[in-house]
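See below for the structure under consideration.
The values are calculated or read from the model by the stated rules, or taken from the named source; none is laboratory data. Predicted, not measured: the structure shown is a model, and the values here were computed from it. When we count neighbours, we look across all protein chains shown, and the Cβ atoms used for this are built from the backbone with ideal geometry, even at glycine.
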Amino acid sequence: MVETELAKGPFRGEEVVDGPRHPGTIKNIDDWLPVTGSRNAKWWYSTFHNVTAMVGAGVLSLPSAMSFLGWEFGCVVLVLSWVITLFTLWQMVEMHEMVPGKRFDRYHELGQHAFGEKLGLWIVVPQQLIVEVGVDIVYMVTGGESLRRFHNLIKCPESAKNNDVKCGHIGLSAWIIIFASQHFLLAQLPNFNAISGVSLAAAVMSLSYSTIAWTAPLAQGRIQNVDYSLPDKSTAYLVFGIFNALGNVAFAYAGHNVVLEIQATIPSTPEKPSKIAMWRGVVVAYFVVAACYFPVAIVGYWAYGNNVKDNILIQLGHPRWLIAAANFMVVIHVTGSYQLYAMPVFDMIETLLVKKLRFPPSRPLRVIVRCLYVAFTAFVACTIPFFGALLGFLGGFAFAPTTYFLPCIMWLAIYKPRPFSASWIVNWVCIVIGVLLMFVSSIGGLRSIIVQAKTYQFYQLSWESSAWEVDIGDETLIVGRRSTCASVCSCSTHM
């Protein structure tokens, strides 16, 4: 197998020699790091890793996105996003071993090759960290919300009809902390192949709850007087809603930020490069993605029209046991997804500490780094638990660049196709679409966060110290023990 040739720099490695503080060679250290620690994965590993990375919380928001985009434009956006992201993912798989004798095991290593050592780091690393840390924060919120919903459905049958009825004394922040507790242990798994079992379970659960998310509305049928027109709101409301919907779609197709790290776990030889096995797994994964996304988006919108909520599982009230099971499946899935997106972050931090700051690679170092990271993401999740708005904001600000147009820019910089050739045109079309998506969806998502923050009480450790919601038709009134919202405020993505 051809080993990676590491360039100089704090992220790509420097020469390391044996010494009292640092016993080991560069190869020994690479064997300790999460991304390069194991290279014996099979092609199907890439299938369920990619499914776990892509199919997740985003699929539950697709019907809500459709309610703002409409039938025609919504379907076009879904299909176009699927095609563009599959194309850019193919580009990254191809570029993984584009230089003979070298493997670009990390996204930022490919960026350094395309843009230069320093510029490549500044372009890629901030974006990648925003994506991966942001996803982990969103999944902390999703895990806490789903645990709370599961608890309410089991303990309080009336919560099946009133989604946010007071049930028990545990607030959302406490549920997030409960969900986060398991990650202090799971985060100690050393590398990508070590989390394969967790990732496989997550992939199966994502397919399962996605199936429930569209079969249940299909079986229940459309609600009475379903309306597919745009909500009868102000122009600003509709414009920002469309922006946020585009961000939700962008989030749903995000998996590129870990694709090179996944491919790094597959063995490679000159006769059988890793891209063959990786691409086979990616194709299978994308068909699974299509089987999840399109039915959920279309059936969910068909059943509820513009009354659909930002999380389709919240909309479903019966059968209660099935909805409870689906919410628990979400918990299992985001558990695996959290670890999958956290692993490259662990790799960056541990690489910096071991190769640049000369800390010895040890278990105590790993425990401290990873526990601090889990605690940080849980803290931020408790502080900013606006699930629907987070999807839109992160989808535009972070996922659009790393998923839609950064691979195309690197392809143009490296291969330099002839101007106005087919490759040149396709890449520039993807770049333009990605840049537009980044701006409009970020604006919509940020606006939703600002609006929802006005009525949200932070750190809900118990119901007594926080607000709860009472459904009033298709609106939601925010009420609490200390104060009552002066007006009726919608708490769906339609903010």
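Filter the range 400-438 down to the residues that are within 25 Å of the chain's Cα centre (by Cα) and of a type in the set (S, T, N, Q) and list them by number.
402, 403, 427, listed by residue number.
Is there any pair with a first residue in the range 242-263 that is among the charged types (D, E, K, R) and a second that is crowded, with 24+ Cβ neighbours inside 10 Å and at pLDDT below 85 whose Cβ atoms are under 7 Å apart and which are 6 or more apart or on different chains, and what are they?
Short answer, once both residue conditions are applied: 261/35.
Can you pull out the residues in the range 66-120 that are in a loop (DSSP other than H, G, I, E, B) and on the phi < 0 side of the Ramachandran plot? Before you say what the answer is, go through the steps one by one.
Residues of the range 66-120 in a loop (DSSP other than H, G, I, E, B): 70, 96-106, 116.
Passing the criteria: 96, 97, 98, 99, 100, 102, 103, 104, 105, 106.
With the structure loaded, tell me whether residue 490 is touching a helix residue (DSSP H, G or I) at 6+ places or on another chain (Cβ under 9 Å) and either of a type outside the set (A, V, I, L, M, F, W, C) or at pLDDT below 90 (or both) or whether it fails that test.
Working: touching a helix residue (DSSP H, G or I) at 6+ places or on another chain (Cβ under 9 Å): no; either of a type outside the set (A, V, I, L, M, F, W, C) or at pLDDT below 90 (or both): yes.
Considered against the rule, which asks whether it is touching a helix residue (DSSP H, G or I) at 6+ places or on another chain (Cβ under 9 Å) and either of a type outside the set (A, V, I, L, M, F, W, C) or at pLDDT below 90 (or both), residue 490 comes out as no.
Yes/no per residue for (1) in a helix (DSSP H, G or I); (2) modelled with pLDDT of 85 or more:
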site: 126; (1), (2): yes, yes
site: 137; (1), (2): yes, yes
site: 159; (1), (2): yes, no
site: 169; (1), (2): no, no
site: 185; (1), (2): yes, yes
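List pairs: first residue in the range 183-211 and farther than 16 Å from residue 286 by Cα and touching a residue at least 40 places away in the same chain (Cβ under 8 Å), second residue among the charged types (D, E, K, R) and part of a loop (DSSP other than H, G, I, E, B) anywhere in the structure, Cβ distance under 9 angstrom, at least six positions apart or on different chains.
From the range 183-211, the pairs are 193/39.
Give the residues of the range 307-341 that are surrounded by fewer than 21 Cβ atoms within 10 Å (Cβ to Cβ) and touching an Asp or Glu at 6+ places or on another chain (Cβ under 8 Å), sorted by residue number.
Of everything in the range 307-341, just one residue is surrounded by fewer than 21 Cβ atoms within 10 Å (Cβ to Cβ) and touching an Asp or Glu at 6+ places or on another chain (Cβ under 8 Å), namely 307.
Just the residues that are of a type in the set (S, T, N, Q) and either free of Cβ contacts under 8 Å to residues at least 60 places away in the same chain or assigned to a loop (DSSP other than H, G, I, E, B) (or both), please, taken from the range 393-436. Walk me through it before giving the result.
Within the range 393-436, the first condition is being of a type in the set (S, T, N, Q), and the residues that meet it are 402-403, 421, 423, 427.
Answer for the range 393-436, where residues must be of a type in the set (S, T, N, Q) and either free of Cβ contacts under 8 Å to residues at least 60 places away in the same chain or assigned to a loop (DSSP other than H, G, I, E, B) (or both): 421, 423, 427.
With the requirement that a residue be within 18 Å of the chain's Cα centre (by Cα) and either over 24 Å from residue 153 (Cβ atoms) or in a helix (DSSP H, G or I) (or both), what does the range 295-312 give you?
Result: 296, 297, 312.
Residue 236: without any contact (Cβ under 8 Å) to a residue 60 or more places away in the chain, under 28 Å from residue 330 (Cα atoms) and over 25 Å from the mean Cα position of the chain (by Cα), yes or no?
Numbers: without any contact (Cβ under 8 Å) to a residue 60 or more places away in the chain: yes; under 28 Å from residue 330 (Cα atoms): no; over 25 Å from the mean Cα position of the chain (by Cα): yes.
So residue 236 fails the test.
Go through the range 319-367 and give me each residue that's modelled with pLDDT under 90 and under 15 Å from residue 377 (Cβ atoms).
Result: no residue meets the conditions.
For the range 90-149, what are the residues that are more than 16 Å from the chain's Cα centre (by Cα), aromatic (Phe, Trp, Tyr) and more than 12 Å from residue 410 (Cα to Cα)?
90, 104, 122
Here is a yes/no grid of residues against (1) within 30 Å of residue 303 (Cα to Cα); (2) buried (at least 24 other Cβ atoms within 10 Å of the Cβ); (3) touching a residue at least 24 places away in the same chain (Cβ under 8 Å):
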| site | (1), (2), (3) |
| --- | --- |
| 45 | no, no, yes |
| 51 | yes, yes, yes |
| 59 | yes, yes, yes |
| 78 | yes, no, yes |
| 89 | no, yes, yes |
| 107 | no, yes, yes |
| 115 | no, no, yes |
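Look at the range 190-230 and say how many of its residues are assigned to a loop (DSSP other than H, G, I, E, B), at negative phi and more than 20 Å from the chain's Cα centre (by Cα).
Of the residues in the range 190-230, 9 are assigned to a loop (DSSP other than H, G, I, E, B), at negative phi and more than 20 Å from the chain's Cα centre (by Cα).
Starting from the range 353-381, keep only residues that are on the phi > 0 side of the Ramachandran plot, then list their pairs with residues that are surrounded by 16 or more Cβ atoms within 10 Å (Cβ to Cβ) and assigned to a loop (DSSP other than H, G, I, E, B) whose Cβ atoms are within a distance under 8 Å, requiring at least 6 positions of separation or different chains.
358/22
Give the residue that is surrounded by the fewest Cβ atoms within 10 Å (Cβ to Cβ), with candidates limited to residues of the range 212-232 that are in contact (Cβ under 8 Å) with a residue 60 or more places away in the chain and over 25 Å from residue 320 (Cβ atoms).
Step by step, filter the range 212-232, then rank; the result is 229.
Test residue 283 against the criterion of being free of Cβ contacts under 8 Å to residues at least 60 places away in the same chain, farther than 17 Å from residue 78 by Cβ and part of a helix (DSSP H, G or I), and give yes or no.
On the way: free of Cβ contacts under 8 Å to residues at least 60 places away in the same chain: yes; farther than 17 Å from residue 78 by Cβ: yes; part of a helix (DSSP H, G or I): yes.
Here the answer is yes, as residue 283 does meet what is asked.
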